[in-house]
Amino acid sequence: IALTLPVLAFGFILGVGFEAGPAGIIVFVLIAGLWGLVYTGFPYAIALKTGNPAAVNSSFLLFLPFVFLTTIFLPKNAMTGWMATVATYNPVTYLLDALRSLISDGWDTQVLLIGIASVLGVGVVSMSLALWALRSRIRQR
């Protein structure tokens, strides 16, 4: 949320509007905040499993490609080959679609539900890994 608010403020300064209105802004911040929460499960899992600060610090290198292998720079219909396939299976693509829909389309319920479901799916995986690593660390002591 700490990064979402300045981005929104900068967008408003540049003239970006939300087709979904003020409630869409709140939903945008909530979805982005939820993504920030579930995404941190992966570094937490690595931290709890390894206990190594260097491993945690470099863990972003493992997950950074997930951002660039999405529709962040190109629409999916402009992608071909393996890039289109990876973007189709990447949950971040659907998160971005949901956030974009609030800005440009308004309340597209199907896109929003798919985006929220992808965030929740990543959350189940990341938080399960983090809790599993925590459990194994607690049992070691």
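The values are calculated or read from the model by the stated rules, or taken from the named source; none is laboratory data. This one's a predicted model, so the numbers in the text were calculated from it and none came from an experiment. When we count neighbours, we look across all protein chains shown, and the Cβ atoms used for this are built from the backbone with ideal geometry, even at glycine. Keep in mind that these areas ignore ligands, DNA and RNA; they rest on the heavy atoms of the full protein, side chains included. Shrake-Rupley method; radii C 1.70, N 1.55, O 1.52, S 1.80 Å.
Considering segment 83-102 alone, what residues qualify as being surrounded by fewer than 17 Cβ atoms within 10 Å (Cβ to Cβ), among the β-branched types (Val, Ile, Thr) and under 16 Å from the mean Cα position of the chain (by Cα)? The answer is Val86, Thr88.
Within segment 1-51, the set of residues being without any contact (Cβ under 8 Å) to a residue 12 or more places away in the chain and closer than 15 Å to Gly115 by Cα comprises just one member, Leu30.
Considering only residues that are among the aromatic types (Phe, Trp, Tyr) and assigned to a helix (DSSP H, G or I), look in segment 1-21 and name the one that is nearest to the chain's Cα centre (by Cα).
Filtering segment 1-21 for residues that are among the aromatic types (Phe, Trp, Tyr) and assigned to a helix (DSSP H, G or I), the one nearest to the chain's Cα centre (by Cα) comes out as Phe10.
Within segment 126-139, residues that are under 11 Å from Gly41 (Cα atoms) sit with their Cβ atoms under 6 Å from residues that are part of a helix (DSSP H, G or I) and open to solvent by 60 Å² or more (accessible area, probe 1.4 Å), at 6+ positions apart or across chains, in these pairs: Ala130/Tyr44; Ala133/Lys49. For segment 103-124, enumerate the residues that are part of a helix (DSSP H, G or I), surrounded by 15 or more Cβ atoms within 10 Å (Cβ to Cβ) and either of a type in the set (Asp, Glu) or at pLDDT 95 or above (or both). Answer for segment 103-124, where residues must be part of a helix (DSSP H, G or I), surrounded by 15 or more Cβ atoms within 10 Å (Cβ to Cβ) and either of a type in the set (Asp, Glu) or at pLDDT 95 or above (or both): Val111, Leu112, Ile114, Gly115, Ile116, Ser118, Val119, Val122, Gly123.
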